[in-house]
Amino acid sequence: MMNDEQDVIQRRQKARAIVMAVLLLAFVALIFFITIAKIKEGMAH
Amino acid sequence: MTTAAPLLPPADWRDFLALTKPRVMTLVVFTGLCGMLAAPRGIHPVLAFTAILCIALGAGAAGALNQWYEADLDAVMKRTAKRPLPAGRMDRQSALHFGVGLAAFSVILMGLAVNIAAAAILTVSILFYVLIYTVWLKRRTPQNIVIGGAAGAFPPLIGWAAATGQVAVLPVLLFALVFLWTPPHFWALALFIESDYAKAGVPMLPVVAGERATRRQIGLYTIPMALVAVAPWPLGLTGAFYGAASIVLTAIFAALAAQVTFGRNAPGMKPEKRLFAYSIIYLFVIFGALVVDRWLA
């Protein structure tokens, strides 16, 4: 495999890993805030 | 003997984003948000954000599955040839997995975090767009846009259901408004990119029935659309602000549609381009007016 091609693959894999990590962190934060909102709604009822 | 597909490097994350058709998503998110804000019951801001996120992800999933199924068709149309699949920047399986995964994620999150009614309507809207429009109708009938347009009409219903847990007359009218708005909107576009659809063999109305029939249909669909747009006010579902705004906005739409209906192929297709551009503004502003009307009340 050409070096250039390998560079492209590695660069894309790294970028995808970073995006995935950011999305997972955002998802964890979202679930946390949803839980808080649900608890508050439950208390209001 | 089968020939193996050439190995592609992993697709760039921006190509996955492009699969979701972000520009189409803008209108979907906006009408969904307006449906939610027009509802009589409030919703916790975090749950409102989650519901809108799920609507956007669901629309994105439907867009990705549409591009997965239509890669061959996109390749022959100038407007779509640079999309990730026809341009060869992504393999079809990745697009399929991405679309199915995103669809399942959006529906499950909506069901668990918001409510079952909103999740059910979101499921129907995704299946409608992918199965009824993309797989079944688009390549078979010139009425593809009419019935397929229903898929784009679901967001206000989903937004309303997210806030209230049920469906009422006003969101059904909003559904009907987007449903009836879609044919004049798309056919105006199809009139000035007619050759592109013809090249791809998509039975768009201008391709199979001709330009004059398309112009007539634009006029015919504008009439019920106008009635549905104004209807919430006389029915007592909105206030005078929405009534006045809808009458003015719809009158302009009708005037532009009349120019297209009674016109001929003019150089530059200006009336068609004007109607297409205004139709987008129209939907944004009329939904915005509905929300403002609700706040004023």
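None of the figures in this text is laboratory data; all of them are computed from the coordinates on show. Here the structure is a predicted model, which is why all the values come from computation and not from measurement. Ideal geometry is used to build each Cβ from the backbone, glycine not excepted, and the neighbour counts take in all protein chains shown.
For this structure, a couple of remarks:
- Membrane-span-like helices in chain B (whole DSSP H runs, Cα extent of at least 24 Å along the helix axis, mean Kyte-Doolittle hydropathy of at least 0.0): B:45-69, B:92-109, B:144-164, B:169-192, B:211-230, B:240-261, B:270-296.
- Angle in degrees between helix A:3-44 and the longest Cα principal axis of chain A, rounded to the nearest 10: 0
- Loop sites in the stretch B:9-101: trypsin sites (Lys or Arg not before Pro), DSSP, at most 12 other Cβ within 10 Å: B:R41, B:K78, B:R79, B:K82
- Alpha-carbon centroids, the stretch B:1-71 and the stretch B:139-218: separation in whole Å: 19
- Where labels lie 7 Å past Cα in the beta-carbon direction, separation of B:A120 and A:L30 in nm: 2.3
- Counting Cβ atoms of other protein chains within 10 Å of each residue's Cβ and taking the mean over peptide B:56-64 gives 0.
- The mean sequence distance of close C-alpha pairs (under 8 Å, at least 6 residues apart), as a share of the length of the stretch B:168-297, puts its relative contact order at 31 percent.
- Once the C-beta distance of A:A44 and B:A81 is scaled by a Förster radius of 51 Å, the resulting FRET efficiency is 0.45 to the nearest 0.05.
- B:V248/B:V172 FRET efficiency (R0 35 Å; Cβ-Cβ; nearest 0.05): 0.90
- Residue order, fewest to most beta carbons within 10 Å, for A:M20, A:M43, B:M90: A:M43, A:M20, B:M90
- Excluding same-chain neighbours fewer than eight residues apart, the lysines reachable from B:K138 by a Cα-Cα span under 19 Å are B:K21, B:K78, B:K199.
- Segment B:R140-B:L296, extension gain: residue separation times 0.36 nm, minus the distance between their alpha carbons: 51.5 nm
- Under the combined filter of DSSP loop state and at most 13 neighbouring Cβ atoms within 10 Å, the stretch B:206-296 retains these chymotrypsin sites (Phe, Trp or Tyr not before Pro): B:F262.
- Cβ-based net charge around B:F98, under 12 Å, with every Lys or Arg adding one and every Asp or Glu removing one: 0
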